[in-house]
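Beneath this line is the structure, given in structure tokens, with notes to follow.
Values in this text are rule-based calculations from the coordinates and carry no lab data. Because the structure is predicted, anything quoted here is derived from the model rather than measured. Cβ placement follows ideal geometry from the backbone for every residue including glycine, while neighbour counts extend to all protein chains displayed.
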Amino acid sequence: GRLSAAAAAREDGPLEGGPPDHSYSLSSGTTSEELLRKLNEQRDIIALLEVKMKEMKGSIRRLRLSEAQLREEIRVKDRLLHAAGAGNRKRHGL
């Protein structure tokens with residue numbers, strides 16, 4: 001057909017059963033099977049990254065909770081130290 005000459009000029013061989021080659025294809029020798037494989041690899045990577053992102057969001061939530069608890073403990077200990085007053089500090093030579 002009309003496309004075969006143009007396809008032959010762009011491809012090492014004609015595309016078998018694939019769509020006609022377009023100017024936006026990755027490289028002159030890329031077959032539709034290779035493109036499909038690359039697409040599936042990218043999808044697997046994206047799925048993996050989405051799982052990692054969810055895990056990280058969970059970690060961040062747990063860390064924020066720990067941080068809040070630690071800050072509260074520090075506030076309580078500060079209050080206790082201040083309540084202990086100057087008497088203790090003199091006795092310990094501080």
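Ile45 to Glu73: extension gain in nm, 0.36 nm per residue of separation minus the Cα-Cα distance?
On the way: separation 28, 0.36 × 28 = 10.08 nm, distance 4.15 nm.
5.9 nm is the gain from fully extending Ile45 to Glu73.
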Pair Ala84, Lys57: separation of 7 Å Cα→Cβ label points (nm): 4.4
